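The values are calculated or read from the model by the stated rules, or taken from the named source; none is laboratory data. Everything numeric in this text was worked out from a predicted model, so none of it was measured. As a convention, Cβ positions derive from the backbone with ideal geometry for all residues, glycine included, and neighbour counts pool all protein chains shown.
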Amino acid sequence: MGKKIIVAGLGHGGIAAAAQLSKAGYDVTVYEKKKEGTLGYDWTDIFAPDALGIAGMEMPPEDKFEYKEDMTFFSPSQSKGLRQHVPQDKLEIKMERRDIYEHFINHALECGVKIVYECEVKGPVVLGNRVVGIKTSEGDVYGDLVIDACGLNSPVRRNLPESFMIDKDVERNEKITIYRAFYNVATEEPVEAKFKVMLFEGGIKGVNWVASEDDHTDLLIGRFEEFDMDHVNEFAEHLRKTNPRLGTEVQRGGQFVEIPVRQPMAVMVADGYAAIGDSAFMTVPLIGSGIANSLKASKVLADTVIKDKHNAFTADTLWNYQTGYYKILGNGLAPLAAAKLLLLSLTPEEIDYFFEKEILTEDLMTIGADFTGLGSVKVDPADMINKAKQVCSDMELLKKIIACGVRMGRVSAACAMMPKKWNAKRVASWSKVYNYCFK
Ligand SMILES: Cc1cc2nc3c(=O)[nH]c(=O)nc-3n(C[C@H](O)[C@H](O)[C@H](O)COP(=O)(O)OP(=O)(O)OC[C@H]3O[C@@H](n4cnc5c(N)ncnc54)[C@H](O)[C@@H]3O)c2cc1C
């Protein structure tokens, strides 16, 4: 009988890791609070399909997805739009969230994973310095390793002892609150850009999109503070002035949800514990995409577990998962969390300036697509500073850009200094330095 692995929550990375581990002979059970067949949201998601192959999954059937349109980013004044030009072979796919889940779950079941639905995880069971199981609504469950795939507010992560050095809470500027809904199409008039992403529209700090589909208009409103339906209705009305296709009738969705947009977690593992997906803040900090990253992380985690010949599953052996993850994704994502802090410090006028002076370009926005899917996350802070110095006559803005470039450089240096091997003391000092870069 293989060692017993518990996956807390049916997150995307968790179920993908579960499948790979079950296939390799481990006894894997996923505990999910929702009812079977009710997972996900009533809308579509976008992700890079190459991540499926990395996680050992096939492409979904052709009638279940389509390729995503290039996005056009607009400045707050909407005076300028920057359209991505993602090459054909790097296009992401758009799929219904429930179909993504169905695809992942069917694959996991074929690999022998067991899933217990309607079972709420309440927290970890900790014995001494080790996670030995989870507390659930159905009683305690014990295992040799707990994979935490419960998402942003994971009760496992949040209830770990302080001595584990694992970030529990997320600050307000480290998560974005999203309202998303599909509205009816109010007019068949052609649109200038099919997938419009608007930064700080209406002078409000946040990201918004209006995507024109054949049978609906997809509205997303993202804010770094709480907001309610009154704000949604008022803002949607404001958007209708420049997006007449956006109707007034909500056809699908219409929920508020939260996405982490911060640096990857400083310590992702402990004895008997590994976090994945939103539990470990694996999303791209500037845009919140996390599906492809979670899938790629699942491969690193599964490989690490399989290579742990003595099934120790200690922080020591699981540390290879952390270093492997940072190598393929975290080292590129962490500086983007610094860029997000710059974005939050800017005024709408300063963002307009970025567009007008071509500090932001179509190429940069196209690299943005790469962040979500392809793992080759590269932004050169020195390049950014040099360009800003050439065009920027506003000293206050230039100072902000230079500070951001310096911060990005520091973050990259901190990532490079991550201990290669687990050593509790060294990891503790390193994680303090790393997290301090974002203060
Ligand atoms: C509105 C929105 C749009 C997004 N769009 C995209 C996109 O287009 N592309 C993209 O790549 N990413 C997108 N993301 C991000 C993406 O959803 C996540 O980054 C990705 O799914 C990884 O998160 P996760 O699966 O780890 O966590 P989650 O999606 O949060 O899943 C956690 C799972 O654990 C379960 N769970 C939670 N708590 C408990 C508990 N106590 N007990 C038992 N089970 C529990 C939940 O029910 C859920 O099934 C979007 C997110 C949101 C909110």
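Some points to look at:
Yes/no per residue for (1) part of a helix (DSSP H, G or I); (2) at pLDDT below 90; (3) in contact with a Pro (Cβ under 8 Å, 6 or more places away or on another chain):
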residue	(1), (2), (3)
Asp352	yes, no, yes
Gln390	yes, yes, no
Met408	yes, no, yes
Ser429	yes, no, no
Asn435	yes, no, no
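- In this entry, Asn320 passes the filter for residues that are buried (at least 19 other Cβ atoms within 10 Å of the Cβ) and touching a residue at least 12 places away in the same chain (Cβ under 8 Å).
- Candidate set from segment 37-68 (those that are among the small types (Gly, Ala, Ser) and over 19 Å from Leu10 (Cβ atoms)); member that is farthest from the ligand (Cβ to nearest atom): Gly53
- Sole residue being more than 16 Å from the ligand (Cβ to nearest atom), more than 19 Å from the chain's Cα centre (by Cα) and buried (at least 20 other Cβ atoms within 10 Å of the Cβ), chosen from Thr242, Thr304, Thr248: Thr304
- A count restricted to segment 121-151 and to residues that are assigned to a loop (DSSP other than H, G, I, E, B), of a type in the set (D, E, K, R) and more than 12 Å from the ligand (Cβ to nearest atom) stands at 1.
- Candidates Lys327, Lys296, filtered to the one that is in the same structural domain as Val267 (by TED's automatic domain parsing), more than 15 Å from the ligand (Cβ to nearest atom) and either of a type in the set (A, V, I, L, M) or out of contact with any strand residue (DSSP E or B) (no Cβ under 8 Å at 6 or more places or on another chain) (or both): Lys327
- Every pair of residues 6+ apart whose Cβ atoms lie under 6 Å, when the first sits in segment 165-186 and is assigned by TED's automatic domain parsing to the domain that holds Gln255 while the second is polar (S, T, N, Q): Phe182/Gln251; Tyr183/Thr217; Asn184/Gln251; Val185/Thr217
- Among the residues of segment 1-16, those that are under 19 Å from Pro155 (Cβ atoms) and either near the ligand (Cβ under 7 Å from one of its atoms) or touching a helix residue (DSSP H, G or I) at 6+ places or on another chain (Cβ under 8 Å) (or both) comprise Ile5, Val7, Ala8, Gly9, Leu10, Gly11, His12, Gly13, Gly14, Ile15.
- Filtered residues of segment 74-111 (kept if in a strand (DSSP E or B) and within 16 Å of the ligand (Cβ to nearest atom)): Ile93, Lys94, Met95, Glu96
- For beta carbons closer than 7 Å, sequence separation of 6+ or different chains, a first residue in segment 40-51 that is more than 14 Å from Thr283 (Cα to Cα) and a second that is within 8 Å of the ligand (Cβ to nearest atom) and of a type in the set (S, T, N, Q), the qualifying pairs are Tyr41/Gln255.
- Flag set for Glu225, criterion: closer than 30 Å to Ala297 by Cα, exposed (fewer than 15 other Cβ atoms within 10 Å of the Cβ) and not assigned by TED's automatic domain parsing to the domain that holds Ile147.
- Pair list, Cβ < 7 Å and 6+ apart or interchain, from segment 130-151 residues that are more than 15 Å from Ala275 (Cα to Cα) to residues that are within 11 Å of the ligand (Cβ to nearest atom) and not in a strand (DSSP E or B): Thr136/Cys119; Thr136/Glu120; Ser137/Cys119; Ser137/Glu120; Glu138/Cys119
- Any hit, segment 163-172, residues being within 14 Å of the ligand (Cβ to nearest atom), of a type outside the set (Val, Ile, Thr) and closer than 22 Å to Val261 by Cβ: no
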